[in-house]
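Just so it is clear, none of the values below were taken in a lab; they were calculated from the coordinates. Model, not experiment: these values are computed from the prediction. With ideal geometry, Cβ positions are generated from the backbone for all residues, glycine too; neighbour counts draw on all protein chains shown.
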Amino acid sequence: QVLLQESGPGLVKPSQTLSLTCTVSGVSITTTSCYWNWIRQPPGKGLEWMGMITYSGDTYYIPSLKSRISIFRDTSKNQFTLQLTSVTPEETAVYYCARGHYGMDYWGKGTLVTVSS
């Protein structure tokens, strides 16, 4: 059984850094052909793919976030982490981690992060 779970603070102040960790069980994040993604959904809006880290450690980010986003992993803990700097209130959203494996086949339940002072 593949399970993903997001964790991190639910409240971040504007201009500060959002940091979330996805803990994966049931499959190694180094398994060939697995891609580990972050996606977010602001209230009332659609899903936005943010970026990913591959099974080999390569990263890819949506251009609009490239200057502020970083995804990295800790293979010993089977975790990958999202960091987004200089956040604004408009980035309040439910943040999801998900596995890409011939489609986004497994998702975490999501965690709401509110950006507010």
The range 34-117: relative contact order from alpha carbon pairs under 8 Å, six or more residues apart, as a whole percent, is 30
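Could you tally the net charge around T114, taking each other residue with its Cβ under 13 Å from the Cβ of T114, Lys/Arg +1 and Asp/Glu -1?
Combined, the nearby Lys, Arg, Asp and Glu give 0.
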Computed over the Cα atoms, what is the radius of gyration of the chain divided by 2.2 N^0.38 Å, N being its residue count? 0.99
Using only the alpha carbons of the range 1-52, determine the length spanned along each of the three principal axes and report them from longest to shortest in whole angstroms. 37, 22, 18
Sum of side-chain charges, I29 neighbourhood, beta-carbon under 11 Å (Lys, Arg +1; Asp, Glu -1): +2
So which lysines pass the test for K77, namely a Cα distance under 26 Å, with those fewer than 8 places away in the same chain ruled out? K66, K109
Might you list the cysteines of the chain that have no disulfide-compatible partner by the rule of another cysteine's Cβ under 4.7 Å? C34
